1. Cβ neighbours within 10 Å, averaged per peptide: list 211-218, 126-133, 260-267, 71-78 in order, most packed at the top.
2. On a C-alpha basis, how far is the centre of region 203-227 from the centre of region 283-340 in Å? Whole number, if you could?
3. How far, in degrees from 0 to 90, does helix 82-91 lean away from the longest principal axis of the Cα atoms of the chain, to the nearest 10?
4. Please state, as a whole number in µm²/s, the translational diffusion coefficient that the Stokes-Einstein equation yields for the chain at 20 °C and 1.002 mPa s, with Rh defined as the Kirkwood radius across alpha carbon pairs.
5. Given all pairs of different Cα atoms, what value in angstroms does the Kirkwood hydrodynamic radius of region 290-337 take?
6. With a Cα-only, solvent-free Debye model of region 217-256, what are the log10 I(q)/I(0) values at q = 0.16, 0.20, 0.29, 0.35 Å⁻¹?
7. What is the chain's relative contact order, in percent, from Cα pairs under 8 angstrom and six or more apart in sequence?
8. Round to the nearest 10 and give me the degree value, 0 to 90, for the angle of helix 102-114's Cα axis relative to the longest principal axis of the chain.
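Coordinate-derived values only; no laboratory data. None of the values given here were measured: they were computed from a predicted structure. So basically every Cβ, Gly included, is an ideal-geometry build from the backbone, and we count neighbours across all protein chains shown.
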């Protein structure tokens, strides 16, 4: 016969489990330290400034992994000194920040934003100095241990071999999905910064591929294309910005990220909207989101974009590091060494599949059909980390038939 106290243990244990499950949210997130959140906000501000600078220079689709570029420039910051460092610090929005403590703070930010590898985002950042540059062991240690990035010396005097090495590195970082970051390299290259990102947007509310059908997408007043248009009826978070005349739709992903689809009203110039997109504006959109029943039609799309960002960064004020009087002494580089180029490539896919990699997503059935939001004209999108609000990727889709 069991002792009374032994007979009570299972029920006591069950009571404790129930109480604890009520007290602890199933998907609770640790609080983000104030300095880390502040750095994330500064990172998002840089993201929108970089996006606006690039958007003003091209009339094509855009995909920019702002988090990869900012991480690369942050690692480069530790190599610079003097006015080169001051300029770069200003461009990143880090003026006045104690650079001695910055690597540890950056490390914490990276852990929050990238979730220790939990996101469906494969990302790589590397600095490729010429073999003639004697990179200091202290800088190598800083980049590898604090920033988690790569420094690899190359012989640019043999441009094809250098390009092959860089492209092989990109493939390794992205599971062979991102290829051909660079082609023709200048044999006079001294230092190159390369960033690459693959993001597979797996929607938490998957679309049903069986109901996807070709529909019209109005690229502009004179150009209409037919694209696969996905469909789902569900409860979505939606907002409307009356000042800019744009609708904002939130598409949650399975990895703690979400995409904001920013759709200008008909006859509203998307370029005029882009000029007003700031980190504060994105946060205001997120705060205004309200859940509503909605039928959503969204084009299936794949973007694969490469950029040389030197001139874009120069327009933001990052000038001296590209000139002969650059100061890269903290890397161990000799006087006269400069950053030659910044290359960036990103791939984003948005299709019917959700987190389980199936193509079947079930729409909800409502007694009365809800309003329909048809995204059939150019829009801006922002992929962000839901807990911190940190911006990860930004872009615009002008024509879904093009990458």
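1. On the way: 211-218: 15.0, 126-133: 19.5, 260-267: 17.2, 71-78: 24.2.
Ranking, from highest mean packing down: 71-78, 126-133, 260-267, 211-218.
2. Comparing the Cα centres of region 203-227 and region 283-340, I get a distance of 29 Å.
3. The two axes meet at around 20 degrees.
4. Working: Rh = 23.0 Å.
It diffuses with D of about 93 µm²/s by this estimate.
5. On the way: mean 1/r = 0.0652 Å⁻¹.
It is 15.3 Å.
6. -0.72, -0.96, -0.97, -1.06
7. Working: 807 pairs, mean separation 100.0, N = 403.
It rounds to 25 percent for the chain.
8. Tilt relative to the chain: about 40 degrees.
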